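Remarks on the structure that follows.
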Amino acid sequence: MTGVGVVLMTPPQRLATSAAVFEDAGVDSLWLGEYFQSAIARAAVVASTTQRVRVGTSVLQAFARSPLTTALAADDLQEMAGGRFVLGLGSQLRVVNRAWHGVTTPQPLTMLGEVVAAIRAIWVTPETERVRFDGRHIHLDVPGFRPPRSQPHPPIYAGGAGSGTIAAATGFADGMLGHLFWS
């Protein structure tokens, strides 16, 4: 059986109403993008105003924030959604990463896998223990201070287009989100 998902491009002031309409109509999932808008803020609105639908980011730009910031935001969204949140992460184009975020990404898919590994390291380390992660590009040494959570950590889906993304995502992601221009 195939579920129906909707990408919400609704203006912020109408997000809660739009989410309720789609949830009442039986839609299975609602997805919030991050193209000149905050997918985290938008997902928070949808997660806190719905009861049944799965809520996900499609997709967060993985290199626009640190793995710690992403892990904490995803956990908060998972709590708000009562366990219905999906963290969708994408590598974005190299030129966009450099021009918009000031980040150099020589191997975007490899780096995306490392971001996912760093997020999972944060999640699996007990809240009171220090997180240490040493990857090729990412190095973390975070003191234990994270709050306990009542929900399991959300699944992580990789977003993108093309066979390279699919091949890479099968090694590190729990699922895949296609690009809007992907046929």
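The values are calculated or read from the model by the stated rules, or taken from the named source; none is laboratory data. This structure is a prediction, so every number in the text was calculated from the model and none was measured. As a convention, Cβ positions derive from the backbone with ideal geometry for all residues, glycine included, and neighbour counts pool all protein chains shown. What goes into the accessible areas is simple: the full protein's heavy atoms, side chains included, and nothing from ligands, DNA or RNA. Shrake-Rupley method; radii C 1.70, N 1.55, O 1.52, S 1.80 Å.
Table for the structure above
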| read-out | value |
| --- | --- |
| Helical segments meeting 20 Å axial Cα length and Kyte-Doolittle 0.0 threshold in the chain (DSSP H) | 108-124 |
| Alpha-carbon centroid distance for the pair region 7-69 / region 127-180, whole angstrom | 19 |
| Estimated inter-spin distance, THR69 and GLN37, nm [label 7 Å along Cα→Cβ] | 2.0 |
| Cβ charges +1 (Lys, Arg) and -1 (Asp, Glu), total dipole of region 66-160, debye | 240 |
| Region 81-99 and region 104-120: distance between their alpha carbon centers, rounded to Å | 11 |
| Within region 1-108, chymotrypsin sites (Phe, Trp or Tyr not before Pro) in DSSP loop having at most 15 other beta-carbon neighbours inside 10 Å | TYR35, PHE36 |
| HIS101 - accessible surface, heavy atoms, 1.4 Å probe, Å² rounded to 10 | 70 |
| Solvent-accessible area per residue for the chain (1.4 angstrom probe, square angstrom) | 51 |
| Accessible-area value, ASP76, 1.4 Å probe, nucleic acids and ligands omitted, Å² | 70 |
| For region 1-140: relative contact order, % (alpha-carbon pairs under 8 angstrom, 6 or more apart) | 18 |
| Within region 111-183, chymotrypsin sites (Phe, Trp or Tyr not before Pro) in DSSP loop having at most 11 other beta-carbon neighbours inside 10 Å | PHE145, PHE181, TRP182 |
| For the chain, share of DSSP beta bridges that run antiparallel, in % to the nearest 5 | 15 |
| Computed label-point distance, nm, for sites ASP141 and THR17 using a 7 Å Cα→Cβ extension | 5.2 |
| Listed residue (HIS179, LEU72, THR104) projecting farthest to the positive dipole end of the chain, Cβ model | THR104 |
| Student exercise, the chain dipole from Lys, Arg, Asp, Glu Cβ charges, in Debye to nearest 20 | 280 |
| Share of carbon and sulfur in the accessible heavy-atom surface of region 6-133 [1.4 Å probe, %] | 57 |
| Accessible surface, 1.4 Å probe, highest first, among residues MET9, MET111, MET176 | MET9, MET176, MET111 |
| Area of ILE166 that stays accessible when all protein chains are in place (1.4 Å probe, Å², to 10) | 70 |
| Placed amide H near VAL86: partners under 5 Å, 5+ positions off or other chain | VAL55, GLY56, THR57 |
